[in-house]
Amino acid sequence: MNTSEKISVNLGNRSYDVLVASGLLTAAADHISPFLNRPRVVIVTDETVARLYLDPLADNLCAAGITVDQLVLPAGEKTKSFNHLENLCEELLRLQVERDDIVISMGGGVIGDLAGFASAILRRGCRFIQIPTTLLAQVDSSVGGKTAINTKHGKNLVGAFHQPALVLADVGVLNTLPPRELRAGYGEVVKYGLLGDADFFGWLEQHGAKLLAGNAAYRVEAVKRSVEAKAGIVAQDERENGIRALLNLGHTFGHALEAHVGFSGKLLHGEGVALGIVLAFELSAQQKFCNSQDTQRVKKHFADVGLPVSIQDIDGFAATADDLMSHIYQDKKVSGGKLTFILARGIGEAFVAKNIPPARVSEFLKSNL
Ligand code: NAD
Ligand code: GLY
């Protein structure tokens, strides 16, 4: 295992690298300088990440002669809103950010998605660099160019595809992440094994606890393998016309559960994904696509690391199948009113299942509530 990795996301003239190592934040200027047309950047971050990492990043950039402006937003999912998007765009314009300037988003998926979307629409598109600081953002949201905000109708319903120019994934910053957030991000790591790489899932069964406990080399390896998996899929299907949908394994059920609790701390995104994956495997087993041993193996691994594996694991959750079905109909994979799910033929063998009868899904949910 290496302590530093570089993965390329190959997208023609929108290609970029993802660097994975400890200590990238305080060496950021070396990596970012080659992208600057003039020596200035704007860092967008949230209050929690700012307290921990804004000074070290800004000091490193300033020491290299780069002028730094900072925009600090509230932490949390509610920041991915029209209001914050408007304020952020107005602030970036007030700072006279030009199309060829670099906006740096430093934070978790919330800041990455919001600052990425603002960059996508500012002057019809300016460049941005991602410095993801949660495990979830390092393995998923910072790579692939999906940017978005939430609306009252659901999550990520207004957004754009806009690729970053560079991603710096510093695994050292994961040391300050609350254990629950780390576990939630781990749900997305496991997703890559389950959707297309059974060996990686086996590796995680063996080593997942070590990386959660703080082993940097295992963290670098897990982030690298996750980003490689995502980069491979995104390079084939940037705009999600086909294979990229597999990255949504667990998301249809997960988003419905998240929406029902109002995107609150009751269920973090990665926890919703883990629980959604278990439900997707259970539905797959019920429909005889995969065997129940695989489903039990998935459930056991999530339970072993402390992720939710049944709807009853969500504190105080109360919903009817109809409540959840109404959220499921807002899923972005719904087409012509028909439901699409990502199901599995086994571990590492996810597939797109179109036209799943709603009555069957509703019955399945009833049996799980
Ligand atoms: P988040 O951005 O809310 O971060 C979680 C919490 O951790 C926040 O309170 C944040 O302030 C704090 N934090 C961040 N880094 C920290 C650090 N190093 N130390 C201590 N605290 C830290 O949540 P998230 O889980 O990173 O991202 C979730 C979001 O990502 C959701 O909105 C989801 O829709 C989105 N997402 C997007 C994609 C995509 O492809 N664009 C993929 C997956 C998820
Ligand atoms: N997180 C799903 C995707 O990037 O496609």
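Side notes on the structure shown:
- Residues located in segment 131-146, provided they are in a strand (DSSP E or B) and either more than 25 Å from Arg99 (Cα to Cα) or open to solvent by 10 Å² or more (accessible area, probe 1.4 Å) (or both): Lys146
- Remark: Thr45 matches the filter, which requires a residue to be in a strand (DSSP E or B) and within 14 Å of ligand 1 (Cβ to nearest atom).
- Filtered residues of segment 139-155 (kept if within 13 Å of ligand 2 (Cβ to nearest atom) and in contact with a helix residue (DSSP H, G or I) (Cβ under 7 Å, 6 or more places away or on another chain)): Val139, Asp140, Ser141, Ser142, Val143, Gly144, Thr147, Ala148, Lys155
Conditions (1) touching a Lys or Arg at 6+ places or on another chain (Cβ under 8 Å); (2) modelled with pLDDT of 95 or more; (3) over 23 Å from Pro308 (Cα atoms); (4) away from ligand 2 (no atom under 16 Å from the Cβ), marked per residue:
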site	(1), (2), (3), (4)
Leu157	yes, no, yes, no
Gln163	yes, yes, yes, no
Val171	yes, yes, yes, yes
Leu174	yes, yes, no, yes
Gly193	no, yes, no, no
Leu212	yes, yes, no, yes
Ala217	no, yes, yes, yes
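- Of the residues Leu114, Leu95, the single one that is among the aliphatic types (A, V, I, L, M), buried (at least 22 other Cβ atoms within 10 Å of the Cβ) and more than 19 Å from Ala28 (Cα to Cα) is Leu114.
- Considering residues of segment 283-312 that are assigned to a loop (DSSP other than H, G, I, E, B) and more than 24 Å from Arg183 (Cβ to Cβ) only, the residue most open to solvent (accessible area, probe 1.4 Å): Lys288
- Residue in segment 200-208 that is assigned to a loop (DSSP other than H, G, I, E, B), at negative phi and over 18 Å from the mean Cα position of the chain (by Cα) present: no
- Single condition Val227 does not satisfy, out of (1) open to solvent by 10 Å² or more (accessible area, probe 1.4 Å); (2) in contact with a strand residue (DSSP E or B) (Cβ under 6 Å, 6 or more places away or on another chain): (1)
- The number of residues in segment 134-155 being at pLDDT below 95 and of a type in the set (Ser, Thr, Tyr) comes to 1.
- Leading residue by the ranking (surrounded by the fewest Cβ atoms within 10 Å (Cβ to Cβ)) among those in segment 206-220 that are over 18 Å from Thr176 (Cβ atoms) and in contact with a Phe, Trp or Tyr (Cβ under 6 Å, 6 or more places away or on another chain): Lys210
- Among the residues of segment 219-257, the one identified as acidic (Asp, Glu), within 16 Å of ligand 2 (Cβ to nearest atom) and under 26 Å from Gly23 (Cα atoms) is Glu228.
- Scanning segment 160-185 for residues that are part of a strand (DSSP E or B), buried (at least 19 other Cβ atoms within 10 Å of the Cβ) and of a type outside the set (Val, Ile, Thr) returns Leu166, Leu168, Ala169, Asp170.
- Cβ-Cβ distances below 8 Å connect the following pairs, each with a first residue in segment 114-126 that is free of Cβ contacts under 8 Å to residues at least 40 places away in the same chain, a second residue that is crowded, with 24+ Cβ neighbours inside 10 Å and among the hydroxyl-bearing types (Ser, Thr, Tyr), and a separation of six or more residues or different chains: Gly125/Ser119; Cys126/Ser119.
- Here Pro357 fulfils each of the conditions (1) within 21 Å of Cys290 (Cβ to Cβ); (2) crowded, with 17+ Cβ neighbours inside 10 Å apart from (2).
The values are calculated or read from the model by the stated rules, or taken from the named source; none is laboratory data. None of the values given here were measured: they were computed from a predicted structure. With ideal geometry, Cβ positions are generated from the backbone for all residues, glycine too; neighbour counts draw on all protein chains shown. For the accessible areas, the whole protein counts, side chains as well, though only heavy atoms, and no ligand, DNA or RNA atoms are used. Shrake-Rupley method; radii C 1.70, N 1.55, O 1.52, S 1.80 Å.
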